[in-house]
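Reading through the structure tokens given below for one structure.
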Amino acid sequence: MMPLHRVRTISKGKSAQFPMTGKFRSANYHTPGNEISPETAKQGERIVTIDDLLINAQFIANIDEAMSHYDVRSVYTQEAGYALAKVADQNILRTAIKAGLCDNATVAGTAGMIQEFSAFDDEDFTDNVWIGGAENSAANLVQDPSELAHAIVQARRILENAAVPGDPVVILPTDLYYNMFKMNGSNNLNDLVIFNRDVGGGGSVVTGDVPMIMGMPLVTTPHMGSFSGSTWTSNLWTQSGAGAEAVSKDAVPLSAESGRQAQYNVPGTSAASASMGTDEVSDLAMRVVGMVMTQDAVATVKLMDLAVESEYQIIRQGTMTVAKYAMGHNVLRPASCVLLMQGDA
């Protein structure tokens, strides 16, 4: 997920600002001799605060290393990097989903959605897409490749209508990505227009390549969630019940001192939404099964990039290895992310 959003690196400090500039979408013909009056530029900023130091520590005992017939340090170091990368990916996905859920100023201003949110006159918002066309669409339609492809096309249309800049990408959980190759009975891949070479389609079962849709590459991630039939289980949040806060799952909790313990949670607040009705925002977050986004949806600030340190400890007769990084994430432009939602029927 790191290449798919805005990243800024700082050497000191606990937060950074990302500028928000307004639009100049009006123009007037000049009358000779008249004074030219400039328009007022709208501007604001988004604050991104650094999270706690995230670490993965491993101890390699001398005796274990001596008795092994293979090198374990490189493997342990690699796995430590994977552990930190997973947390980063999941926090970015959580933030992107929160960006998409903010489809109007009311939701965006809800406590717990956007860090230090302040209303911005020229802020844009975009609707989200239900796979099947409506909130009460059948849940199993997510398993239909043609319905999923149509939802992705609609997401691109929404971004184009809102004049969202940038090159969008489609992010799907692994199950949905490979479900694009699904064939039922007499149906075959050519029945799905994106694979039909007669109309410019592409892709290959041999290479496992799903073609671009409307010029947008498809990116798969195992960190969003998984399906069992049409039942979706999120890897990002857990809930104690309908309407309850969606709490970050499988993530090391932030300390109380950071003031960001609930930064990646979704509040159990009901807010009227043009594309999602009046359901609790946390319930809606649990039904997100994909997204179409540009780089401006999420902002990340790095204070300490991924690094690995090791030290031999005589008193413990072994080597302590610590992988670490310090970064933080926040919503940048909500309009830059359109969510793909599973119906509840």
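Would the stretch 125-177 count as rounded, prolate or oblate if I go by the C-alpha gyration tensor, calling it rounded below 1.5 in a/c and otherwise prolate when a/b exceeds b/c, oblate otherwise?
Note, shape of the stretch 125-177 comes out oblate.
Write out the chymotrypsin sites (Phe, Trp or Tyr not before Pro) in the stretch 59-135 meeting two conditions: DSSP loop, and at most 11 other Cβ atoms within 10 Å of their Cβ.
Filter output for the stretch 59-135: Y70.
Which trypsin sites (Lys or Arg not before Pro) does the stretch 6-113 hold that lie in a coil by DSSP with at most 14 other beta carbons within 10 Å?
Qualifying residues, ordered by number: K12, K14, K23, R25, K42.
State the Cα centre-to-centre distance between the stretch 33-58 and the stretch 301-320 in whole Å.
Each part reduced to its Cα centre gives a spacing of 34 Å.
From the Cα gyration tensor of the stretch 7-92, with a ≥ b ≥ c the square roots of its eigenvalues, which class applies: rounded if a/c is under 1.5, or else prolate if a/b is larger than b/c, or else oblate?
Cα axes put the stretch 7-92 in the prolate bin.
Rounded to the nearest 500 deg cm²/dmol, what is the calculated helix-only ellipticity per residue at 222 nm for the chain, with -39500 (n - 2.57) per DSSP H run of length n ≥ 4?
-6000 deg cm²/dmol
What is the gain in length, in nm to one decimal, between Q43 and R260 on full extension, counting 0.36 nm per residue of separation less the C-alpha to C-alpha distance?
Stretched out fully, the Q43 to R260 stretch lengthens by 75.5 nm.
Sorted from largest down, what three extents in whole angstroms do the Cα atoms of the chain have along their principal axes?
The Cα atoms of the chain stretch 83, 64, 43 Å along their principal axes.
Not counting the cut sites, what is the longest span of the chain without GluC sites (Glu not before Pro) that DSSP labels loop and that have at most 15 other Cβ atoms within 10 Å?
Values: sites that count: E35, E39, E116.
Counting at most 15 other Cβ atoms within 10 Å as exposed, the longest clean stretch of the chain is 117-345.
Show which aspartates and glutamates lie in cross-link reach of K14 when reach means a straight Cα distance below 13 angstrom and same-chain residues fewer than eight apart are skipped.
D51, D52, E257
Hey, what does the equivalent ellipsoid look like for the stretch 50-170, semi-axes from the Cα gyration tensor as sqrt of 5 times each eigenvalue, largest first, whole Å?
Calculated on Cα positions only, the semi-axes equal 42, 22, 13 Å.
Pairs of Cα atoms under 8 Å, at least six residues apart: use those to get the relative contact order of the chain, whole percent.
31 percent
Mind putting a number on the dipole of the chain about its Cα centre? Charges go on the C-beta only, +1 for Lys and Arg and -1 for Asp and Glu, and I need it in Debye to the nearest 20.
It works out to roughly 480 debye.
Laboratory data are not the source of any read-out in this text; all were calculated from the coordinates shown. Predicted, not measured: the structure shown is a model, and the values here were computed from it. With ideal geometry, Cβ positions are generated from the backbone for all residues, glycine too; neighbour counts draw on all protein chains shown.
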